[in-house]
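Notes follow the structure.
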Amino acid sequence: MNHERFNQRLAELRDNYQAGQAQLQRLEAQRSEIQQTLLRISGAIQVLEELLDERDDADAEDAADASTRGEVEALRLAR
């Protein structure tokens, strides 16, 4: 009788092991997908940050140019 119980328990444990292995494979696939998604998001963030930095630099140059033009115009009018 004990032999039958051991065999039954062994079968249960093997089933649980197989179920655990299958779940682990699904989780590893999901982890890989999430890593790829995060990599794409990271790249998009970097591109947008670079575009914003370029725009800020261009805006600063435009402001400096406008300021210089205003100073030149003020000097011209003061003459």
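The values are calculated or read from the model by the stated rules, or taken from the named source; none is laboratory data. Predicted, not measured: the structure shown is a model, and the values here were computed from it. Counting neighbours? That spans all protein chains shown, and the Cβs are built from the backbone with ideal geometry, glycine included. The protein model used for the area step is the full one, side chains on, heavy atoms only, and it has no ligands, DNA or RNA in it. Shrake-Rupley method; radii C 1.70, N 1.55, O 1.52, S 1.80 Å.
A quick yes/no check of all residues on (1) among the aromatic types (Phe, Trp, Tyr); (2) open to solvent by less than 100 Å² (accessible area, probe 1.4 Å):
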{"residue": "6", "(1), (2)": "yes, no"}
{"residue": "9", "(1), (2)": "no, no"}
{"residue": "12", "(1), (2)": "no, yes"}
{"residue": "17", "(1), (2)": "yes, no"}
{"residue": "25", "(1), (2)": "no, no"}
{"residue": "29", "(1), (2)": "no, yes"}
{"residue": "36", "(1), (2)": "no, yes"}
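Checking residue 45 against (1) exposed (fewer than 10 other Cβ atoms within 10 Å of the Cβ); (2) aliphatic (A, V, I, L, M); (3) at pLDDT 95 or above, which single condition isn't satisfied?
Every condition holds for residue 45 apart from (1).
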